[in-house]
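One structure is given here, and the rest of the page talks about it.
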Amino acid sequence: MSKSLSETSGRERIGAREPSPPPEPGLYVVATPIGNLRDISLRALDILGGVSRVYAEDTRVARKLLDAYGLKPRLGAYHDYSDESARWEILEAIAAGESVALISDAGTPLVSDPGFKLVRAAIEAGFKVVPIPGACAALAALVASGMATDRFMFLGFLPPKQAGRRAALEEAADIEATLVIYESGPRLADSLADMAGILGDRPAAVARELTKLFEETRRGTLAELAAHYLAAGPPKGEIVVVIGPPLPSEVSDDALDAFLSRHLSSGVKAAASEAARALGVSRKRAYARALSLRDEA
Ligand code: SAM
């Protein structure tokens, strides 16, 4: 006798027990968990269990992940920059009728992870490229941040040195969107201080260890968050910073000019930084006004 809908489990209802047909030849870009091993889709498991080969940035990390699901596929290493030959090997396998999956250590491949060159080469060769969506730290952090989600820009990792980081932030200062940035614990406090100085003291969230035991999302303004991590020391684990869009400025040009004029004796750059910090205007705007004031003087 067949079961009623209420008696069937979720897996049965969505056909998880039905054997899935072997994947067609092509490249499958498969998202894997960013911490919690249960964050993998049934379709991802079908594909990883069904393809003829799986390529990963680090085969030891991949082996652990695949073992957790009882999967033992043929495994190879792939990194966009290390080795051209791995790319050719994959393309030749697909040309010979094989199906190949690409995974990264965690989350969605190609998102601050290897795979872009491979996907582009597979498209150029006319092969099928199939995304198998799933976890991505940037999106997980964004949706829990409380920042506007209608327009967002993913900046990946900022340059590690301060000058490069500041230049990247200057470039992003006028983008009318929420910004999503990958960051490391040791750099977090300095990075947040630069963000506050250059972007203005916007609301932001620091999301840490998402989907893991010590998951935490701390919200505040950039300056508050910078002060917190400066006092608390570098946090452990993996981190995403989400920053709200530019604040509508309530500071008039006249008020900004008056402030800058009082601080210009310490130099254009210093006056602009001080205005950004004290008035919450973008450093780009403050710097432009400070330059004109100096030139007019
Ligand atoms: N491809 C991955 C994705 O889809 O999110 C990102 C890979 S990138 C090399 C690793 C960075 O992602 C970490 O340094 C951190 O900024 C972020 N990240 C990864 N897992 C995370 C987690 N569980 N919680 C917070 N951030 C995470």
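To the nearest 0.05, how large is the calculated FRET efficiency for R262 and K236 if R₀ is 51 Å and r is the Cβ-Cβ distance?
Values: r = 42 Å, r/R0 = 0.83.
Efficiency at R0 = 51 Å is approximately 0.75.
With no solvent and one point on each alpha carbon, what is the Debye value of log10 I(q)/I(0) for the chain at q = 0.08, 0.09, 0.14 Å⁻¹?
-0.48, -0.58, -1.03
Rounded to the nearest 5, what % of DSSP beta bridges with both residues in the chain are antiparallel? All intermediate terms of the calculation are to be shown ahead of the outcome.
On the way: 18 of 38 bridges.
For the chain, the DSSP antiparallel bridge percentage is about 45.
Please work out the C-alpha center-to-center distance from segment 218-283 to segment 155-189 and express it in whole Å.
14
Just need the relative contact order of segment 138-243 here, percent rounded to a whole number, with Cα pairs under 8 Å and 6+ apart.
Normalised by residue count, the contact order of segment 138-243 is 34 percent.
Could you give the nm distance between label points at K128 and W88, where each point is 7 Å from its Cα heading toward the beta carbon?
Using points 7 Å along Cα→Cβ, the separation is 2.7 nm.
Probe of 1.4 angstrom, ligands and nucleic acids ignored: what's the accessible area per residue over segment 20-135, in square angstrom?
Numbers: 5690 Å² over 116 residues.
With the other protein chains kept in place, segment 20-135 gives 49 Å² per residue.
What is the sum of charges, Lys and Arg at +1 and Asp and Glu at -1, for the other residues whose Cβ falls under 14 Å from the Cβ of V54?
Details: positive: R53, R60, R63, K64, K72, R74; negative: D46, E57, D58, D67, E89, E98, D105.
My count for the surroundings of V54 gives -1.
How do the peptides 287-297, 49-59, 128-138 rank, highest first, by the average count of neighbouring beta carbon atoms within 10 Å per residue?
On the way: 287-297: 14.5, 49-59: 20.2, 128-138: 17.9.
Order by mean packing, descending: 49-59, 128-138, 287-297.
Quick check: residue separation of L213 and V143 times 0.36 nm, minus the Cα distance between them. What number comes out in nm? Working shown, then result.
Working: separation 70, 0.36 × 70 = 25.20 nm, distance 1.88 nm.
Value of the extension gain: 23.3 nm.
For the peptides 252-262, 95-105, what is the packing order when you average, over each peptide's residues, the other Cβ atoms within 10 Å and list the highest mean first? It would help to have the intermediate numbers written out before the result.
On the way: 252-262: 14.3, 95-105: 19.5.
Highest to lowest by the protection proxy: 95-105, 252-262.
Taking every DSSP beta bridge with both residues inside segment 20-135, roughly what % is antiparallel (nearest 5)?
Working: 1 of 16 bridges.
Antiparallel bridges: around 5 percent, rounded to the nearest 5.
Provide the packing ranking of 233-246, 32-45, i.e. peptides ordered by the mean count of other C-beta atoms within 10 Å per residue, highest first. Working shown, then result.
Details: 233-246: 19.6, 32-45: 17.3.
In decreasing order of mean packing, 233-246, 32-45 become 233-246, 32-45.
Hey, got the dipole for the chain? About the Cα centre, +1 on K and R Cβ, -1 on D and E Cβ, debye to the nearest 20?
In total the dipole reaches around 580 debye.
Just list whichever of K128/K212; K117/K212; K117/K284; K161/K269 have alpha carbons separated by over 26 Å in the model shown. Could you put the intermediate results ahead of the total?
Details: K128/K212 34 Å; K117/K212 31 Å; K117/K284 34 Å; K161/K269 19 Å.
Result: K128/K212; K117/K212; K117/K284 exceed 26 Å.
Along the charge dipole of the chain, Cβ charges K/R +1 and D/E -1, which of A125, A138, A68 sits furthest on the positive end?
Of the options given, the answer is A68.
Given H placed on each backbone N at 1.01 Å, which residues far from Y78 in sequence or on other chains put an amide H within less than 5 Å of it?
Hits under the 5 Å cutoff: A56, E57.
Can you give the extra length, in nm with one decimal, that the chain gains between K161 and A255 once fully stretched, where that is 0.36 nm per residue apart less the Cα-Cα distance?
Details: separation 94, 0.36 × 94 = 33.84 nm, distance 3.36 nm.
Result for the pair: 30.5 nm of gain on full extension.
Give the long-range amide H neighbours of G107: residues separated by 5 or more places, or on another chain, with amide H under 5 Å away, using H modelled in the peptide plane at 1.01 Å from N.
Counting only residues 5 or more places away or on other chains, the set is T32, I34.
Ignoring ligands, DNA and RNA, what percent of the accessible area of the chain is carbon or sulfur (1.4 Å)?
On the way: 8560 of 15690 Å².
Here it works out to 55 percent.
Could you grab the relative contact order for segment 149-195? Cα pairs under 8 Å, six or more apart, rounded to a whole percent.
Working: 37 pairs, mean separation 23.4, N = 47.
After rounding, I find 50 percent.
Where q = 0.12 Å⁻¹, what log10 of I(q)/I(0) comes from the Debye formula for segment 20-135, counting one point per Cα?
Log10 of I(q)/I(0), two decimals: -0.35.
Please express the Cα-Cα pair-distance distribution P(r) of segment 138-243 as a list of whole percents, one per 10 Å bin, running from 0 to the bin with the greatest distance.
All Cα pairs considered, the percentages come to 16, 55, 27, 2.
With an 8 Å cut-off on Cα pairs and a minimum separation of 6 or more residues, tell me the relative contact order of the chain in percent.
Details: 539 pairs, mean separation 47.4, N = 297.
Reported as a whole number, the value is 16 percent.
With the chain treated as a Gaussian network of Cα nodes joined by springs under 10 Å, which of L110, L264, L213 yields the largest mean-square fluctuation?
With Cα springs under 10 Å in the chain, the top fluctuation among L110, L264, L213 is at L213.
Could you check the spin-label model distance between R43 and Y81? Points 7 Å from the Cα along Cα→Cβ, value in nm.
About 3.2 nm separates the two model spin labels.
With +1 on the Cβ of every Lys and Arg and -1 on the Cβ of every Asp and Glu, and nothing else charged, how large is the dipole of segment 161-220 about its Cα centre, in debye rounded to the nearest 20?
Details: 9 positive and 11 negative charges, 46 e Å.
The dipole magnitude comes to about 220 debye.
The values are calculated or read from the model by the stated rules, or taken from the named source; none is laboratory data. Just so you know, these numbers come straight off a predicted model, no measurement behind them. Neighbour counts are summed over all protein chains in view; Cβ atoms, including those assigned to glycine, are modelled from backbone coordinates with ideal geometry. Calculation scope for accessible area: heavy atoms of the full protein, side chains included, ligands and nucleic acids excluded. Shrake-Rupley method; radii C 1.70, N 1.55, O 1.52, S 1.80 Å.
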